[in-house]
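One structure is given below, encoded as structure tokens.
The values are calculated or read from the model by the stated rules, or taken from the named source; none is laboratory data. Note that the coordinates shown come from a computational prediction; the quantities given were computed from them, not determined experimentally. For neighbour counting, all protein chains shown are included, and Cβ atoms are generated from backbone atoms with ideal geometry for every residue, glycine included.
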Amino acid sequence: MILSRAAEVALAALPHLPHPDPRTKGRGVREVAREAGLPAPFLAQVLKRLAHAGLLRSKRGRTGGFLLGRPASEITVADVVLALEGYEELEAAFPALQGPAGRLFGPVRSRVFDVMRKTTVADLAKDVS
């Protein structure tokens, strides 16, 4: 399966965002972009889409920026990809096949979706130094 650039950027950025807490300062786009090695203008667009989908919160003012909308252990890769791609695009990127090809690649497709449902932002954060 090939992820869109937006999904790739989101999955690289989310481990850099703070957990949801009213007292927590948000992280600015430029700061996250610098830490994750991502282009800030595109990252801003992606984070806004995720905030609109409810996966992130945005704060204004001195303590403004973005933070996770719920604990990292409760946001899955599937949540992020579906918020950015939609189910139809996800299906189109990795379609179910029929016949011998379906028997061969069906388990692979199932495993990919299973990994996306079970892997969380907290899991991704373990790889961020």
How do the pairs read when you match residues in region 75-90 that are in contact (Cβ under 8 Å) with a residue 60 or more places away in the chain with residues anywhere that are of a type in the set (S, T, N, Q), using Cβ under 7 Å and keeping only pairs 6 or more apart or on different chains? I75/T120; V77/T119; L84/S4; E85/S4
Only one of (1) modelled with pLDDT of 90 or more; (2) in contact with a Gly (Cβ under 9 Å, 6 or more places away or on another chain) is not met by T119, so which one is it? (2)
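Restricting attention to region 85-112, and to residues there that are within 14 Å of the chain's Cα centre (by Cα) and either of a type outside the set (G, A, S) or closer than 21 Å to H19 by Cβ (or both), which single residue is modelled with the lowest pLDDT?
We begin by selecting, within region 85-112, every residue within 14 Å of the chain's Cα centre (by Cα); these are 85-86, 90.
Now narrow it down to the ones that are either of a type outside the set (G, A, S) or closer than 21 Å to H19 by Cβ (or both): 85, 90.
Details: E85: 89, L90: 77.
It comes out as L90.
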